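Here's the structure we're looking at; comments come further down.
The values are calculated or read from the model by the stated rules, or taken from the named source; none is laboratory data. Small disclaimer: the values here were computed from a predicted structure and weren't measured. Surface accessibility is based on the protein's heavy atoms, side chains included, excluding ligands, DNA and RNA. Shrake-Rupley method; radii C 1.70, N 1.55, O 1.52, S 1.80 Å.
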Amino acid sequence: MSSPPQRRSEFTFPWSVDHQPQNGLIEKLEQFQRLSLLRWRFLETCRQAARPRLAHAAAMLDQTVLATTLIVMPRILVAWDRLRPILASHSRALLPFLPIASEEEEALAADPAWDLLAEFQTLAPDQQDKAARNLALLWDHFEHMFGGLSGFLAEPVIEQSIYLDKLMTASRRMRLARGSEVAFHYVTVELMRLYVSYLQLRRSDRAALALAAHVVALISRGRMVTPAITSGVELNRTPHARAA
(Lines give C-alpha, C1' and ligand atoms only; values in the text may rest on other atoms or scores of the structure.)
Protein backbone atom coordinates (compact mmCIF):
# COMPACT_ATOMS: atom_id res chain seq x y z
CA MET A 1 0.00 0.00 0.00
CA SER A 2 1.48 3.35 -1.12
CA SER A 3 2.16 6.16 1.28
CA PRO A 4 -0.17 9.13 1.23
CA PRO A 5 0.91 12.03 -1.04
CA GLN A 6 3.31 14.47 0.57
CA ARG A 7 2.10 18.00 1.06
CA ARG A 8 3.90 20.68 -0.96
CA SER A 9 4.72 22.57 2.21
CA GLU A 10 6.42 19.45 3.57
CA PHE A 11 8.50 18.75 0.40
CA THR A 12 12.14 17.82 1.05
CA PHE A 13 15.01 17.32 -1.38
CA PRO A 14 16.39 13.78 -1.81
CA TRP A 15 19.70 14.87 -0.24
CA SER A 16 20.51 16.24 3.15
CA VAL A 17 21.77 19.68 4.10
CA ASP A 18 25.43 18.61 3.82
CA HIS A 19 24.79 17.83 0.12
CA GLN A 20 25.46 14.14 0.47
CA PRO A 21 23.44 12.42 -2.25
CA GLN A 22 20.86 9.96 -1.12
CA ASN A 23 20.03 8.75 -4.60
CA GLY A 24 22.33 7.06 -7.17
CA LEU A 25 20.75 8.85 -10.14
CA ILE A 26 21.26 12.23 -8.49
CA GLU A 27 24.90 11.36 -7.85
CA LYS A 28 25.46 10.50 -11.52
CA LEU A 29 23.78 13.72 -12.64
CA GLU A 30 26.00 15.77 -10.37
CA GLN A 31 29.11 14.01 -11.67
CA PHE A 32 28.04 14.70 -15.25
CA GLN A 33 27.42 18.33 -14.37
CA ARG A 34 30.85 18.70 -12.82
CA LEU A 35 32.54 17.06 -15.81
CA SER A 36 30.63 19.28 -18.21
CA LEU A 37 31.64 22.35 -16.25
CA LEU A 38 35.28 21.28 -16.27
CA ARG A 39 35.20 20.64 -20.02
CA TRP A 40 33.58 24.00 -20.66
CA ARG A 41 36.23 25.77 -18.56
CA PHE A 42 38.96 23.89 -20.42
CA LEU A 43 37.52 24.83 -23.81
CA GLU A 44 37.10 28.44 -22.73
CA THR A 45 40.73 28.55 -21.58
CA CYS A 46 41.85 27.10 -24.91
CA ARG A 47 39.71 29.58 -26.80
CA GLN A 48 41.10 32.54 -24.88
CA ALA A 49 44.64 31.30 -25.45
CA ALA A 50 44.05 30.71 -29.17
CA ARG A 51 42.20 34.00 -29.82
CA PRO A 52 45.34 36.10 -30.62
CA ARG A 53 46.65 33.44 -32.98
CA LEU A 54 43.26 33.11 -34.66
CA ALA A 55 43.04 36.88 -35.08
CA HIS A 56 46.52 36.95 -36.60
CA ALA A 57 45.66 34.04 -38.90
CA ALA A 58 42.43 35.76 -39.97
CA ALA A 59 44.32 38.96 -40.78
CA MET A 60 46.87 37.00 -42.79
CA LEU A 61 44.05 35.17 -44.57
CA ASP A 62 42.33 38.47 -45.41
CA GLN A 63 45.54 39.87 -46.85
CA THR A 64 46.11 36.70 -48.84
CA VAL A 65 42.57 36.72 -50.20
CA LEU A 66 42.86 40.42 -51.07
CA ALA A 67 46.19 39.93 -52.85
CA THR A 68 44.83 36.93 -54.71
CA THR A 69 41.74 38.85 -55.73
CA LEU A 70 43.79 41.77 -57.03
CA ILE A 71 45.86 39.36 -59.12
CA VAL A 72 43.11 37.02 -60.31
CA MET A 73 40.17 39.41 -60.87
CA PRO A 74 41.77 41.39 -63.75
CA ARG A 75 42.55 38.11 -65.48
CA ILE A 76 38.99 36.92 -64.97
CA LEU A 77 37.60 40.17 -66.37
CA VAL A 78 39.90 40.00 -69.38
CA ALA A 79 38.88 36.39 -70.01
CA TRP A 80 35.22 37.31 -69.63
CA ASP A 81 35.56 40.21 -72.08
CA ARG A 82 37.15 37.79 -74.54
CA LEU A 83 34.52 35.06 -74.07
CA ARG A 84 31.48 37.30 -73.78
CA PRO A 85 31.10 38.10 -77.52
CA ILE A 86 31.54 34.41 -78.37
CA LEU A 87 28.93 33.34 -75.83
CA ALA A 88 26.55 36.07 -76.97
CA SER A 89 27.00 35.03 -80.60
CA HIS A 90 26.31 31.38 -79.81
CA SER A 91 23.32 32.35 -77.68
CA ARG A 92 21.83 34.40 -80.50
CA ALA A 93 22.41 31.52 -82.92
CA LEU A 94 20.91 28.88 -80.64
CA LEU A 95 18.14 31.05 -79.21
CA PRO A 96 17.23 33.57 -81.92
CA PHE A 97 13.87 34.26 -80.30
CA LEU A 98 15.49 35.74 -77.17
CA PRO A 99 16.11 39.52 -77.20
CA ILE A 100 19.86 39.29 -76.50
CA ALA A 101 21.48 42.69 -76.95
CA SER A 102 24.84 43.04 -78.64
CA GLU A 103 27.70 45.11 -77.22
CA GLU A 104 26.85 47.95 -79.58
CA GLU A 105 23.22 47.90 -78.53
CA GLU A 106 24.17 47.86 -74.85
CA ALA A 107 26.56 50.78 -75.35
CA LEU A 108 23.88 52.67 -77.24
CA ALA A 109 21.34 52.03 -74.48
CA ALA A 110 23.82 53.39 -71.92
CA ASP A 111 24.52 56.57 -73.91
CA PRO A 112 24.37 59.68 -71.68
CA ALA A 113 22.05 61.35 -74.18
CA TRP A 114 19.10 59.29 -72.95
CA ASP A 115 19.61 60.32 -69.32
CA LEU A 116 20.00 63.96 -70.32
CA LEU A 117 16.80 63.94 -72.40
CA ALA A 118 14.98 62.28 -69.50
CA GLU A 119 16.34 64.92 -67.14
CA PHE A 120 15.04 67.64 -69.44
CA GLN A 121 11.57 66.10 -69.30
CA THR A 122 11.62 66.30 -65.50
CA LEU A 123 12.05 70.09 -65.62
CA ALA A 124 9.06 72.28 -64.94
CA PRO A 125 7.46 73.86 -68.06
CA ASP A 126 8.88 77.30 -67.27
CA GLN A 127 12.35 75.80 -66.82
CA GLN A 128 12.03 74.02 -70.15
CA ASP A 129 11.24 77.36 -71.79
CA LYS A 130 14.28 78.93 -70.15
CA ALA A 131 16.44 76.03 -71.32
CA ALA A 132 15.14 76.52 -74.87
CA ARG A 133 15.94 80.25 -74.79
CA ASN A 134 19.43 79.66 -73.38
CA LEU A 135 20.11 76.93 -75.91
CA ALA A 136 19.10 79.26 -78.73
CA LEU A 137 21.50 81.87 -77.34
CA LEU A 138 24.33 79.31 -77.12
CA TRP A 139 23.76 78.19 -80.69
CA ASP A 140 23.62 81.82 -81.88
CA HIS A 141 26.97 82.42 -80.18
CA PHE A 142 28.32 79.23 -81.77
CA GLU A 143 27.34 80.51 -85.21
CA HIS A 144 28.94 83.90 -84.51
CA MET A 145 32.19 82.22 -83.48
CA PHE A 146 32.53 79.57 -86.18
CA GLY A 147 30.00 80.44 -88.85
CA GLY A 148 27.95 77.33 -88.21
CA LEU A 149 28.73 73.66 -88.07
CA SER A 150 30.81 73.57 -91.26
CA GLY A 151 33.01 76.37 -89.97
CA PHE A 152 33.47 74.59 -86.65
CA LEU A 153 34.52 71.36 -88.34
CA ALA A 154 36.91 73.33 -90.56
CA GLU A 155 38.70 74.70 -87.49
CA PRO A 156 41.86 72.94 -86.22
CA VAL A 157 41.19 70.11 -83.82
CA ILE A 158 42.77 72.04 -80.97
CA GLU A 159 40.30 74.92 -81.45
CA GLN A 160 37.40 72.47 -81.45
CA SER A 161 38.73 70.88 -78.27
CA ILE A 162 39.10 74.26 -76.56
CA TYR A 163 35.47 75.11 -77.23
CA LEU A 164 34.24 71.71 -76.00
CA ASP A 165 36.45 71.98 -72.92
CA LYS A 166 34.83 75.30 -72.07
CA LEU A 167 31.41 73.68 -72.29
CA MET A 168 32.61 70.78 -70.14
CA THR A 169 33.94 73.19 -67.49
CA ALA A 170 30.65 75.08 -67.43
CA SER A 171 28.71 71.81 -67.22
CA ARG A 172 30.74 70.63 -64.24
CA ARG A 173 30.29 73.95 -62.48
CA MET A 174 26.54 73.97 -63.03
CA ARG A 175 26.08 70.31 -62.08
CA LEU A 176 25.52 71.43 -58.48
CA ALA A 177 22.32 73.16 -59.58
CA ARG A 178 20.64 69.88 -60.54
CA GLY A 179 17.34 69.42 -58.79
CA SER A 180 17.04 73.13 -57.95
CA GLU A 181 15.10 76.01 -59.49
CA VAL A 182 18.02 76.76 -61.82
CA ALA A 183 18.57 73.19 -62.98
CA PHE A 184 17.88 74.32 -66.55
CA HIS A 185 21.36 75.92 -66.69
CA TYR A 186 23.07 72.53 -66.38
CA VAL A 187 20.69 70.87 -68.83
CA THR A 188 21.20 73.66 -71.37
CA VAL A 189 24.98 73.51 -71.35
CA GLU A 190 25.07 69.71 -71.35
CA LEU A 191 22.65 69.54 -74.30
CA MET A 192 24.88 71.92 -76.23
CA ARG A 193 28.04 70.03 -75.30
CA LEU A 194 26.72 66.61 -76.31
CA TYR A 195 25.14 68.00 -79.48
CA VAL A 196 28.37 69.60 -80.71
CA SER A 197 30.42 66.57 -79.59
CA TYR A 198 28.24 64.18 -81.56
CA LEU A 199 28.36 66.46 -84.59
CA GLN A 200 32.16 66.60 -84.31
CA LEU A 201 32.30 62.78 -84.21
CA ARG A 202 29.78 62.62 -87.09
CA ARG A 203 27.69 60.17 -85.14
CA SER A 204 24.49 58.99 -86.82
CA ASP A 205 23.29 56.35 -84.35
CA ARG A 206 19.89 56.39 -82.69
CA ALA A 207 21.05 58.24 -79.57
CA ALA A 208 22.81 60.97 -81.56
CA LEU A 209 19.85 61.44 -83.91
CA ALA A 210 17.39 61.61 -81.02
CA LEU A 211 19.54 64.23 -79.27
CA ALA A 212 19.99 66.25 -82.46
CA ALA A 213 16.26 66.30 -83.19
CA HIS A 214 15.53 67.42 -79.64
CA VAL A 215 18.18 70.16 -79.65
CA VAL A 216 17.11 71.53 -83.04
CA ALA A 217 13.49 71.65 -81.86
CA LEU A 218 14.53 73.44 -78.67
CA ILE A 219 16.59 76.01 -80.60
CA SER A 220 13.59 76.77 -82.80
CA ARG A 221 11.38 76.96 -79.71
CA GLY A 222 13.82 79.32 -78.01
CA ARG A 223 13.92 81.62 -81.04
CA MET A 224 10.13 81.70 -81.20
CA VAL A 225 9.76 82.77 -77.57
CA THR A 226 12.64 85.26 -77.97
CA PRO A 227 12.20 87.10 -81.30
CA ALA A 228 15.31 89.22 -80.67
CA ILE A 229 17.44 86.14 -81.17
CA THR A 230 15.95 85.49 -84.61
CA SER A 231 16.39 89.08 -85.78
CA GLY A 232 19.92 89.24 -84.42
CA VAL A 233 21.10 86.07 -86.12
CA GLU A 234 21.34 87.61 -89.59
CA LEU A 235 22.47 91.03 -88.44
CA ASN A 236 25.39 89.83 -86.35
CA ARG A 237 26.51 86.85 -88.41
CA THR A 238 30.16 87.04 -89.45
CA PRO A 239 31.17 87.14 -93.12
CA HIS A 240 32.48 83.61 -92.75
CA ALA A 241 29.06 82.50 -91.50
CA ARG A 242 27.33 84.19 -94.46
CA ALA A 243 29.64 82.38 -96.86
CA ALA A 244 28.99 79.10 -95.13
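Shown are MET192, MET145, MET224, whose ranking by accessible area with a 1.4 Å probe and every protein chain present, most to least, is MET224, MET145, MET192. Largest to smallest in accessible area, the residues ASP165, ASP111, ASP129 fall in the order ASP165, ASP129, ASP111 (1.4 Å probe, all protein chains included).
When all protein chains stay in place and ligands, DNA and RNA are ignored, the 1.4 Å accessible-area order of LYS130, LYS166, largest first, is LYS166, LYS130. Taking all protein chains as shown and a probe of 1.4 angstrom, TRP139 keeps an accessible surface of around 30 Å².
Based on C-alpha pairs under 8 angstrom that are at least 6 apart in sequence, the stretch 109-225 has a relative contact order of 44 percent.
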